[in-house]
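*Asks:* The structure is given below, and queries will be raised subsequently.
Nothing in this text is a laboratory measurement; each read-out follows from the coordinates by a stated rule. All of these numbers come straight from a predicted model, not from anything done at the bench. All Cβ positions, even for glycine, are placed from backbone atoms using ideal geometry, and neighbour counts span all protein chains on display.
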Amino acid sequence: MKATFGGGCFWCTEVIFQNTEGIRSVLPGYMGGKRDNPTYKEVCNGGTDHVEVVQLDFDEHKVDFNTLLKVFFKTHDPTTLNRQGNDVGTQYRSVVFYHDESQKETAERFIAELEKQAVFSKPIVTAVEPAETFWEAEDYHHDYFNQNPGNPYCAAVIAPKLQKFLKEYR
C-alpha cells in the first residue's frame, strides 16, 4: 500500500520512515503543485505550489496506516503553517495526501482525536488532501541523510531527530 506525507524537508521525513517497521520503500518527491515534473530548485523557490513529500510503500500486515500517522505526527510540528523549523514556505507545509477513502477517514479521525486530547498546545494545521501525481525527486535526494551524514544540516537537524525517534520507537 502507499502513503504520502509532507512534513517539512523530505530528507528529515525520509530517514524516519526508513527506520519504521513495515516500510518497504521511501521515495522523496513532490506533490500537490501545478507544474509537471518540477525540479527541486523550482519547488524550493515556492512558485509551483508543490509540497516536499515522502511516498511510502508499506506492508499493511506489518504496519497499519494509523501507526504511520502516529510516527508522522510525533516527528514533525503539525501546528506551524508552511514551516518546519528554519524551513519556511508552502513547500514545507504539513499534509497527509490520502490514497483512498479509508486513509482520508483515518487521518481525519486521528487529527480530531489529537485535537480532542489537546496533544499540542496550538491548533493542528495539517491538511488532508487527495493524492495527486507524485513527482519523484532527483536522484541526489534519495537516501540523503545516510549518504551525507556529515552535511551540517544532517548533523544539526536530522541526526538529533532520528536519535529521538529511535529511542522512543525501538
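*Asks:* What 222 nm value per residue comes from the helices of the chain, counting each DSSP H run with n ≥ 4 as -39,500 (n - 2.57) and dividing by all residues, nearest 500 deg cm²/dmol?
*Replies:* Helices in the chain give a 222 nm mean residue ellipticity of -9000 deg cm²/dmol.
*Asks:* If you don't mind, there's one more thing I want to ask. Restricting to DSSP loop positions (anything but H, G, I, E, B) with no more than 12 other Cβ atoms inside 10 Å of their own Cβ, which trypsin sites (Lys or Arg not before Pro) remain in the stretch 12-103?
*Replies:* LYS34, LYS62
*Asks:* What does the convex hull of the Cα atoms of the chain come to per residue, in Å³, rounded to a whole number? It would help to have the intermediate numbers written out before the result.
*Replies:* Numbers: hull volume 18.9 nm³, N = 170.
Considering the Cα atoms of the chain, their hull volume per residue is 111 Å³.
*Asks:* Please report, in debye to the nearest 20, how large the charge dipole of the stretch 3-68 is about its Cα centre when each Lys and Arg carries +1 at its beta carbon and each Asp and Glu carries -1 there.
*Replies:* Its charge dipole is roughly 220 debye.
*Asks:* Taking the chain, how many lysine pairs are there with alpha carbons less than 19 Å apart, if each pair must be eight or more places apart or span two chains?
*Replies:* The number of close lysine pairs in the chain is 17.
*Asks:* First check a/c for the stretch 107-155, with a ≥ b ≥ c the square roots of the eigenvalues of its C-alpha gyration tensor; if it is under 1.5, answer rounded, and if not, answer prolate when a/b is larger than b/c or oblate otherwise.
*Replies:* Verdict is oblate for the stretch 107-155.
*Asks:* What is the fewest-to-most order of VAL119, VAL125, VAL43, VAL157 by other Cβ atoms lying within 10 Å of their Cβ?
*Replies:* Neighbour counts put them in this order, fewest first: VAL119, VAL125, VAL157, VAL43.
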